[in-house]
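Read through the structure below, which is laid out as structure tokens, and then see the notes.
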Amino acid sequence: MKKQRKTFGFSLIELLVSISIITLLIGISLPSLQMARKAANKTKCASGLKNIGTIWAIYSDQNPNIMAEAVSLPSFPLVPSEITFMEVLAPYMNTQSVAIYECPQDDLGYFDQRNISYEYLPGLAIAFDVDNIPKLVDLARQSPWMLPILADAAEFHPAPSSVDARQTVYHDTHVDWLLSSPTP
């Protein structure tokens, strides 16, 4: 009597079918993983903006009649006489970390060149001028939800079609999309 050998393993066909099924599943899941990564980066950016907004609120409480005279988007190379938004807020932070000033989807290199992925925007509502500071302060007091403070320097995030694709923190510290045509 012949002894039958028991083999434990896959045949070539079974192995190829298993590999093709795994490849198909990976191909199906990759786009959803990329979308999840973008959503996570958008949330991280919004969280950083919210933190900056909170620091801005502390600055505004300490300086009630002053609107920070910082450059909108620092030039590169940095001009020594330019006061950046980060320098204005530095005394109000409990750490000197600049990580909150980086948008994770800043693929244009704003953070690498300027140490900030955001643009200072108080002049969006009213042209930033020393004479307009009382108007800006008044707008900040009456309608803080309308005065944008800081926004993505470029369109880093996908957004609904009805708005400009720049996440923005407003004077009242809420983070939202910057409306394509802000109403004063």
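The values are calculated or read from the model by the stated rules, or taken from the named source; none is laboratory data. These figures come from a predicted structure and were not determined experimentally. Cβ atoms come from the backbone with ideal geometry, glycine included; neighbour counts cover every protein chain shown.
The number of residues in segment 84-120 being in a loop (DSSP other than H, G, I, E, B) and loosely packed, with under 13 Cβ neighbours inside 10 Å comes to 6. Identify, please: which residue in segment 29-62 is of a type in the set (V, I, T) and surrounded by 17 or more Cβ atoms within 10 Å (Cβ to Cβ) and is, among those, farthest from the chain's Cα centre (by Cα)? By that ranking, first place goes to I55. Could you identify the single residue in E82, E102, E69 that is of a type in the set (D, E), in contact with a Cys (Cβ under 9 Å, 6 or more places away or on another chain) and closer than 25 Å to T168 by Cβ? Among E82, E102, E69, only E102 is of a type in the set (D, E), in contact with a Cys (Cβ under 9 Å, 6 or more places away or on another chain) and closer than 25 Å to T168 by Cβ.
When the criteria are applied in full, K3 meets the requirement of being out of contact with any helix residue (DSSP H, G or I) (no Cβ under 8 Å at 6 or more places or on another chain), loosely packed, with under 15 Cβ neighbours inside 10 Å, modelled with pLDDT under 90 and not aromatic (F, W, Y).
Yes/no matrix, rows are residues, columns are (1) in contact with a strand residue (DSSP E or B) (Cβ under 8 Å, 6 or more places away or on another chain); (2) of a type outside the set (S, T, Y); (3) in a helix (DSSP H, G or I); (4) on the phi < 0 side of the Ramachandran plot:
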site	(1), (2), (3), (4)
E14	no, yes, yes, yes
I19	no, yes, yes, yes
S29	no, no, yes, yes
Q34	no, yes, yes, yes
A40	no, yes, yes, yes
K50	yes, yes, yes, yes
Y59	no, no, yes, yes
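Note on segment 91-110: residues that are within 13 Å of the chain's Cα centre (by Cα), closer than 17 Å to I55 by Cα and of a type in the set (S, T, Y) amount to 1.
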